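Data first, discussion second: the structure below is written as structure tokens.
The values are calculated or read from the model by the stated rules, or taken from the named source; none is laboratory data. What you are looking at is a predicted structure, and each value in this text was computed from that prediction instead of being measured. Counting neighbours? That spans all protein chains shown, and the Cβs are built from the backbone with ideal geometry, glycine included.
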Amino acid sequence: MNIKLWIDKGFEILLDYGPKLIMAFLIWVIGNFVIKLITKGLKSAMKKAKYDISLSKFLSDLLNWSLKILLIIVVLSTVGIETTSFAAILAAAGLAIGLALQGSLGNFAGGVLIMIFKPFKVDDLIEAQGELGIVKEISIFTTKLRGLSNKEIIIPNGSLSNGNIINYNTEGTRRVDLTFGVSYDSDIKETKSILMSVLINHPLVLNDPEPTVNVSELADSSVNFAVRPWCKADDYWTVYFDITENTKIALDKADIEIPYPHQVEIHKQN
């Protein structure tokens with residue numbers, strides 16, 4: 001009698017929940033297939049747009065898990081399980097996590113903005129947040145720079161995306177700003193000719209834009225010349241150091257004095 005009762009109860013449950021379970025199973029299978037197509041399409045789109053690999057993986061994983069959570073809720077609802085409380089718990093957990101990771105989420109959002117607007121790319125020389133360096137890596141939360149003294153600089157993407165950024169590579173060329181002072185006894189035209197000759201004879205100095213040499217200041221003990229050669233961005237420091245050295249050699253050969261501070265001692269006679 002009990003066995004028959006249990007069999008009847010089983011058939012009743014099967015008839016009641018069988019169609020729902022089959023429907024839930026079909027929704028799960030089809031849903032997973034659609035999610036794979038969507039995430040695959042997103043990855044392909046980000047690859048074509050040349051998004052950072054780490055950001056691309058993070059976004060595709062985030063979309064994948066978000067859609068799977070939504071799919072689980074739909075499957076549970078199809079079976080007949082109340083999902084209102086489940087959704088409320090998820091919302092509360094999401095809010096708590098969001099508040100706890102507020103700074104990290106800001107950095108993540110900053111990383112996304114950097115990837116979308118691309119104010120710089122890897123190997124660019126940039127100045128930001130008081131730091132100067134070559135971009136080594138753009139990750140989800142931070143950007144790594146290689147400082148000019150080969151030190152690693154890590155800047156949070158949140159502050160980086162909200163601050164001023166100077167990109168020295170965008171235009172492809174840079175102007176090297178140098179100032180040289182000579183004594184007041186020196187001939188200005190001769191000095192200008194020598195300085196310009198140093199610029200013209202350097203193989204990395206560009207002809208277009210043309211280099212310039214001008215008197216910039218009549219200082220206390222020197223006549224200062226603003227020397228402005230142009231070069232490719234990658235050649236900046238080579239040109240900077242070479243022109244500085246070659247100028248000193250050229251001025252010495254022409255017996256043009258470069259003033260330096262003197263200390264004068266006055267002795268009083270009693």
Subset of the stretch 191-227 [surrounded by fewer than 19 Cβ atoms within 10 Å (Cβ to Cβ), free of Cβ contacts under 8 Å to residues at least 40 places away in the same chain and assigned to a strand (DSSP E or B)]: Thr212, Asn214, Val215, Ser216, Glu217, Leu218
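Just checking, which of Val176, Val205 is under 21 Å from Asn246 (Cα atoms) and in contact with a Leu (Cβ under 9 Å, 6 or more places away or on another chain)?
Unique residue meeting the criteria: Val205.
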Residues of the stretch 163-186 satisfying the condition of being under 30 Å from Leu218 (Cα atoms) and either of a type outside the set (Val, Ile, Thr) or not in a strand (DSSP E or B) (or both): Arg174, Arg175, Val176, Asp177, Leu178, Phe180, Gly181, Ser183, Tyr184, Asp185, Ser186
Pairs, first more than 17 Å from Ile140 (Cβ to Cβ) in the stretch 151-165, second in a strand (DSSP E or B) and among the charged types (D, E, K, R), C-beta under 8 Å, six or more apart: Glu152/Lys136; Glu152/Lys144; Glu152/Arg146; Ile153/Glu131; Ile153/Lys144; Ile153/Arg146; Ile165/Glu127
Some residue of the stretch 11-30 being at pLDDT 70 or above and under 30 Å from Ile116 (Cα atoms): no
Residues being in contact with a helix residue (DSSP H, G or I) (Cβ under 9 Å, 6 or more places away or on another chain) and either assigned to a helix (DSSP H, G or I) or hydrophobic (A, V, I, L, M, F, W, C) (or both) - total across the stretch 127-162: 11
